[in-house]
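Take a look at the structure set out below.
The values are calculated or read from the model by the stated rules, or taken from the named source; none is laboratory data. Since this is a predicted model, take the numbers as computed values, not measurements. Cβ coordinates were reconstructed from backbone atoms using ideal geometry, including for glycine residues, and neighbour counts include every protein chain displayed. Heads up: the accessible areas ignore ligands, DNA and RNA and are worked out on the full protein's heavy atoms, side chains in. Shrake-Rupley method; radii C 1.70, N 1.55, O 1.52, S 1.80 Å.
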Amino acid sequence: MTKDVDLVSKVFSEMDRWGGVPSVDNFTELMIVKFADFSPQDVKHAIDTAIRLQILVQKSSAFYNEPYATIHDKVSFYLRENLPGLSEDAYFLAKNRIMYMYIK
């Protein structure tokens with residue numbers, strides 16, 4: 001599972017270059033080639049999880065009215081509750097995206 005969780009972080013990071021949730025077919029093919037050390041099934045699972053994480057980030061606009069002092073804890077809880085079992089890196093990346101949009 002650790003291998004898979006790390007792959008989720010890598011795929012989630014790649015999504016930035018694609019502007020969020022990419023066209024799944026093209027993205028899947030490119031990620032399978034890019035992460036050839038992983039099985040295609042592991043890559044597809046990581047893509048599915050990363051897409052769910054990206055959707056959570058996109059739905060986080062309710063936090064934009066939160067005071068800065070409390071948003072960190074609320075965002076962390078939101079991510080962990082809606083998509084449990086990810087690596088700290090995956091949560092960190094998603095939280096940073098939400099915070100970037102919050103500050104912007």
Rg from C-alpha atoms of the chain, normalised by the globular rule of thumb 2.2 N^0.38 Å, equals 1.09
Per-residue accessible area for Ser39 at 1.4 Å probe radius, Å² rounded to 10?
-> 40 Å²
How far, in degrees from 0 to 90, does helix 88-103 lean away from the longest principal axis of the Cα atoms of the chain, to the nearest 10?
-> 50 degrees
Alpha-carbon Debye profile of the range 34-95, log10 I(q)/I(0) at 0.13, 0.22 Å⁻¹ | -0.40, -0.90
Output the peptides 59-68, 42-51, 9-18, 81-90 sorted from most to least packed, where packing is the average of other Cβ atoms within 10 Å over each peptide's residues.
-> 42-51, 9-18, 81-90, 59-68
Could you tell me how many degrees, from 0 to 90 and to the nearest 10, lie between the Cα long axis of helix 68-82 and the main elongation axis, the longest principal axis, of the Cα atoms of the chain?
-> 40 degrees
